Amino acid sequence: LERQINLSLSRSGILILSGGLGPTADDITKETVAKALGRSLKEDKESLRRIEEYFARTGRVMSENNKKQALTIEGAEILQNDYGTAPGYLVRTEKGAVVLLPGPPRELMPMFENGAVPILNSYSNRTLVSHNVRVFGIGESVAAELCGPMLQQSNPTVATYAAPGEVNIRVTAGAENQAEADRLCAPTLSRLRDLFGENIYGIDF
């Protein structure tokens, strides 16, 4: 696992891990990342206070091994968990950043959206925006044929994806901000509306 973490960081500027932040002996994500980066672990008093408060609020008895979840990687930014006991972390390195998130979706998703994304945005000066055109009544091969040269565009890109009973046509643009990315997508979305007409049952839902 240590070798894989370092290999991944040699390939990518941002590494996101989920799960393995719990209190039991087989929860080793945080410990492994710390070893891979050559960093120590130390108890964070605020994290411990929040964990104790969570158990008190939910009327449960806190076992001793839950204190393990308050151990923090040296130099990490703590992503607070409002829906469970395990904090998340963002560790900045010379090569980029490692994000550690809890496994349960009800904890992972709000932590990623509210805690990690605002920090990760600082690593890029571009915004990616995607719009999904949902099509029924024709197969992916026909949809791709109708899209024609649009599938070769670079910004925005156009791609087709088959799903049970429908085809999703995704239009994605990169720009300095969302408004500019939406502006770049607009002509392609308009062209798709003309091409597929009543076969489109919705966009972006």
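Tabulated data
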{"quantity": "Heavy atoms of TYR201 accessible to a 1.4 Å probe, total area in Å² rounded to 10", "calculated": "90"}
{"quantity": "Point-charge dipole on Cβ atoms (K/R +1, D/E -1) for region 40-90, about Cα centre, debye to 20", "calculated": "180"}
{"quantity": "Furthest towards positive pole of dipole, GLN178, ILE200, ALA163, structure part the chain, Cβ charges", "calculated": "GLN178"}
{"quantity": "Accessible area of region 116-205 divided out per residue, in Å², using a probe of 1.4 angstrom", "calculated": "58"}
{"quantity": "Förster radius 30 Å - calculated FRET efficiency between ARG11 and GLU64, Cβ distance, rounded to 0.05", "calculated": "0.15"}
{"quantity": "Karplus (6.51, -1.76, 1.60) ³J(HN,Hα), θ = phi - 60°, over region 145-157, in Hz, Gly and Pro reported as x", "calculated": "5, 5, 5, x, x, 4, 5, 9, 5, 10, 7, x, 8"}
{"quantity": "FRET efficiency estimate (nearest 0.05) - Cβ-Cβ, LYS95 to ASP182, R0 35 angstrom", "calculated": "0.60"}
{"quantity": "5 angstrom amide H check on THR93, placed H, neighbours 5+ away", "calculated": "VAL98"}
{"quantity": "Lys, Arg +1 and Asp, Glu -1 on Cβ, resulting dipole of region 1-63 about Cα centre, debye, nearest 20", "calculated": "160"}
{"quantity": "Along the chain, longest interval not containing exposed GluC sites (Glu not before Pro), exposed being DSSP loop plus at most 14 other Cβ atoms within 10 Å", "calculated": "95-175"}
{"quantity": "Calculated FRET efficiency for the pair ASP26/GLN4, C-beta based, R₀ 25 Å, to 0.05", "calculated": "0.90"}
{"quantity": "Label-point separation, ARG49 to GLN80 (7 Å along Cα→Cβ), nm", "calculated": "1.0"}
{"quantity": "Spatial extent of the chain: Rg and Dmax, with the Cα atoms as the point set, Å", "calculated": "22.0, 63"}
{"quantity": "Dipole magnitude (debye, nearest 20) for the chain, charges at Cβ of Lys, Arg, Asp, Glu", "calculated": "420"}
{"quantity": "Span per principal axis, largest first, for the Cα atoms of region 1-51 (Å)", "calculated": "37, 20, 17"}
{"quantity": "Area accessible to solvent at ILE203, 1.4 Å probe radius, in Å²", "calculated": "50"}
{"quantity": "Selected from ASN65, PRO149, ASN125, residue furthest toward positive end of dipole (the chain; charges at beta carbon)", "calculated": "ASN65"}
{"quantity": "Residue-span extension gain [LEU128 to TYR201] - 0.36 nm each, minus C-alpha spacing", "calculated": "23.9 nm"}
{"quantity": "Amide H within-cut-off set for GLY19, under 5 Å, with H built and near neighbours excluded", "calculated": "LEU101, GLY103"}
{"quantity": "Carbon/sulfur fraction of accessible area - the chain, other protein chains in place, 1.4 Å, %", "calculated": "51"}
{"quantity": "Solvent-accessible area of LYS68 with every protein chain in place, 1.4 Å probe, in Å² to the nearest 10", "calculated": "50"}
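The values are calculated or read from the model by the stated rules, or taken from the named source; none is laboratory data. These numbers were taken from a predicted model, which means no experiment stands behind them. We place every Cβ from the backbone using ideal geometry, glycine too, and count neighbours over all the protein chains shown. Only protein heavy atoms, including side chains, enter the accessible area calculation; ligands, DNA and RNA are left aside. Shrake-Rupley method; radii C 1.70, N 1.55, O 1.52, S 1.80 Å.
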